[in-house]
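These notes concern the structure reproduced below.
Bear in mind these aren't lab numbers, they're just calculated from the coordinates by the rules spelled out. Note that the structure is a prediction, hence the values are computed from the model and not measured. Positions of Cβ are generated from backbone atoms using ideal geometry, with glycine treated the same way; all protein chains shown enter the neighbour counts.
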Amino acid sequence: MSKTIFITGASSGLGKAATILFANKGWNVIATMRKPEQDTELAQLERVQLLPLDVTNLDQIQSVAQQVIGMGDIDVVFNNAGYGLFGPLEGTTDEQIVREIETNLLGVIRVTQAFIPHFRKKGSGLFITTTSIGGLVTFPFNSVYHATKWALEGWSESLAYELSTVGIGVKTVSPGGIKTDFAGRSLVSAQHEAYTDSVAKVYAVFSDPQRLDTYSTPEQIAEVVYVAATDGKSQLRYVAGEDAQATYALRLQVGDEAFRQGIDQRFFQ
């Protein structure tokens, strides 16, 4: 019998790649996005059903969850919706801060909460959340983004303890750079004149072609999500992509302060 996965943020990038991969592997996929009417590809796939979902809309989260649960068993919920917020905190508007937290953090928590009763009653189920290497290390001018991703890592780790007592799994996939249009579609920038030179230095490092060559494709990260969904392990954290694995390994090897000094030197000196 085919399993079913519920995916948020499926319109592009990792969410879209995961939708295609799971469908090709014989899973039923309920793929959600804010504007499914704009999709031109996923709706054509067998085993894929598109639904509208804005993860900042609590009422819609709850109604969509009840709708899909009413359609049959859900086996995996993949919390993938999110976007980046880059720039100095001093130049970041309160509206930008609130929307970032509502999407990246509260959206994940609320979607998860909506599906817990279903998983608990059937005694099984798995939550997988896209965090980021930015949930395990930090880079300059990403403070609010890091706040959401570090929060997701801590939230997931704690939640894994409590949900394991009722047969539910919790996992995170922490990608590094992904070769997508994330910077165009899923990145908001804040500006402040006092930091113009520093921001330019950081942006130059991030946009270095040699750095971009180390990034993974969405399909490569989707494979990691599939492994997390099917390996049967109680492992919490899946660091995805060679760049992310190398960065995290370095952090663990040299320690927090030495790693932080290295980041400072790389970006600003």
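Couplings for segment 217-222, taken from phi via the Karplus curve 6.51 cos²θ - 1.76 cosθ + 1.60 with θ = phi - 60°, read 7, x, 5, 5, 6, 4 Hz in order; Gly and Pro are left as x. Within the shell defined by Cβ-Cβ distances under 13 Å, the residues around THR92 carry a net charge of -3, with Lys and Arg each +1 and Asp and Glu each -1. When only the Cβ of Lys, Arg, Asp and Glu is charged (+1, +1, -1, -1), the dipole of the chain relative to its Cα centre reaches about 740 debye.
Mean residue ellipticity at 222 nm, helices only, the chain: -15000 deg cm²/dmol; runs of at least 4 DSSP H residues each add -39,500 (n - 2.57), and the sum is divided by the number of residues.
Here the Karplus relation 6.51 cos²θ - 1.76 cosθ + 1.60, evaluated at θ = phi - 60°, turns the backbone of segment 117-130 into coupling constants of x, 4, 5, 5, 5, 8, x, 7, x, 9, 9, 10, 10, 6 Hz, with x for every Gly and Pro.
Note on the chain: along the principal axes its Cα atoms extend 57, 39, 32 Å, ordered by decreasing extent.
The packing ranking of peptides 56-66, 167-177, 138-148, highest mean first, is 167-177, 138-148, 56-66, where packing means the average number of other beta carbon atoms within 10 angstrom of each residue.
Here's how it looks for PHE86: its modeled amide H is under 5 Å from those of VAL188, SER189, ALA190, which are all 5 or more places away or on a different chain.
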